[in-house]
Amino acid sequence: MASTAAAAARPELPVDILEEIFLRLDDAADLVRVSAVCASFHRLIFNGNFLHRFRSLHRPPILGFLFDCHGKDTGFSFYPIELPHRSASAARALARAADFSISSFLEPIPYYWHVRDVRDGRILLSRHNASHNWWSFFEYLMVYDPLHCRRVQIPPIPDDLMTTMVSNKVRRGFDPFLVPAALDKDNLSFQVMCNMVCQHNVETLLYSSVTQEWHGVASISTASCKRLNPHCQEERYYARGCFYWVSNVETRMLVLDMLEMRFSMVDLPPGSEGRDKAVVEIMEDRVGLLILGDNTLDLYSTLRDIADHAKDWRHDHRIRLLDDYFWSFAGGVVEGYTLLVGLRQDECKVWESCHHKEPAPNAHYFTLEVESFVVKQLCVLKIGIAHPNFLYASFPPPFAPPRI
């Protein structure tokens, strides 16, 4: 009886103070637990203004990755992260609530849908109509919100724009990708870009969900960027207002400045040729470049205006990775994390010696937090069963807003 009276006598904290306390919780799972304490906490946390502030202050956690399911109608699958990762429970909640099986509303074979990009809770899908001529530039595109089961079909590029932009019909590449959301990431509008690589030029087009129109925004001669070859292993990254295309066999990379809508070629640090690389965001005024060596991972950086400071690469950090592994990047860079894959050298040698007749070796996947350079194991998969294409970051339900 005395404890009840004492509790009643304690003054309640003002709502604005409670809100500031709860905003300092960086894990949405902790907010769920707090909301279950009492009805007033629940009302405060699930208020739209509070959720908007929380999402603007905290990065969504990595909850898993997407990979293509070759030969299946579904096109792709979601693999949630598991314990002991902190966000394992949120990943399971996402897997239960989201619809990553797209076969229910997309046409089956011969229209194969594949993941082309993942960003801000949206998935960009594409398919190629086998009945069309092989040189047909445009692949069917769709933007999909798996958590809220919303989708938008992207209209084809108009013929008049195609005729104006493309001087020939020799197709060498079609690279669609999502534009990062603005500072207000709760906005339902989105943009899609695509690079069309033809014989003499690379044309970049932009689609806006607001205007529902395509526009040509940038162009570069293929003579200036010979590295844009569909047979090269190129990866696309975004950092500090620019897109970057990096090849592991070249000494330069292609940069698209989104503010000026201008292409440029940038020299990479000496000795990086033949190494696996990834572009990352670090400090506000600098862009980072991760380079994998022989069981080492190096971080170089240069000023944000990379086109003017390409020769000013600075070596910032190095860590040693596990010995006796072959290392590479996978899954891109999402919310300050990238994915590393390691294959045991002895298992690979046995597999190669028996001409792939023995069971495939295990692929060990690790997340790397760029800010802290902390590496944590994510999962182990068999080669050939699944290859992660994109890391997937999202606030878990019910904290994730609709994205379309």
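If you rank V279, V333 by how much accessible surface each has, with a 1.4 Å probe, what is the order from largest down? Write out the running numbers ahead of the final one.
Details: V279 0, V333 45 Å².
Descending order: V333, V279.
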### Message
Using a 7 Å offset from the Cα along the Cα-to-Cβ direction at both T251 and S101, what is the distance between the two label points in nm, to one decimal?
### Response
5.3 nm
### Query
Extension gain D285-C149, at 0.36 nm per residue separation less the Cα-Cα distance, in nm?
45.2 nm
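At a Förster distance of 25 Å, what's the computed FRET efficiency of R320 paired with R275, Cβ-Cβ distance as r, to 0.05? Mind dumping the intermediate values first?
Working: r = 16 Å, r/R0 = 0.62.
The computed FRET efficiency comes out at 0.95.
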### Exposure rank, largest accessible area first [K277, K382, K376; 1.4 Å]
K376, K382, K277
### Message
Could you check the spin-label model distance between T211 and E20? Points 7 Å from the Cα along Cα→Cβ, value in nm.
### Response
4.4 nm
### Query
Amide H of D305: which non-local residues (sequence gap of 5 or more, or other chain) have their own amide H closer than 5 Å, using H built in the peptide plane?
none
### Task
Please work out the FRET efficiency for the pair A182 and T296, using the Cβ-Cβ distance as r and a Förster radius of 35 Å; give the result to the nearest 0.05.
0.40
### Message
If you count only protein heavy atoms and use a 1.4 Å probe, how large is the accessible surface of C149, to the nearest 10 Å²?
### Response
70 Å²
### Task
Return the long-range amide H neighbours of F46 (sequence gap of 5 or more, or a different chain), with a cut-off of under 5 Å between placed amide H atoms.
none
### Task
Report, ordered by chain and residue number, the aspartates and glutamates lying within cross-link reach of K376, taken as a straight Cα distance under 13 Å and ignoring same-chain residues fewer than 8 apart.
E82
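The values are calculated or read from the model by the stated rules, or taken from the named source; none is laboratory data. All values reported here derive from a predicted model rather than from experimental measurement. Cβ: placed from backbone, ideal geometry, glycine included. Neighbour counts: every protein chain shown. In case anyone asks, the SASA skips ligands and DNA or RNA and just uses the protein heavy atoms, side chains included. Shrake-Rupley method; radii C 1.70, N 1.55, O 1.52, S 1.80 Å.
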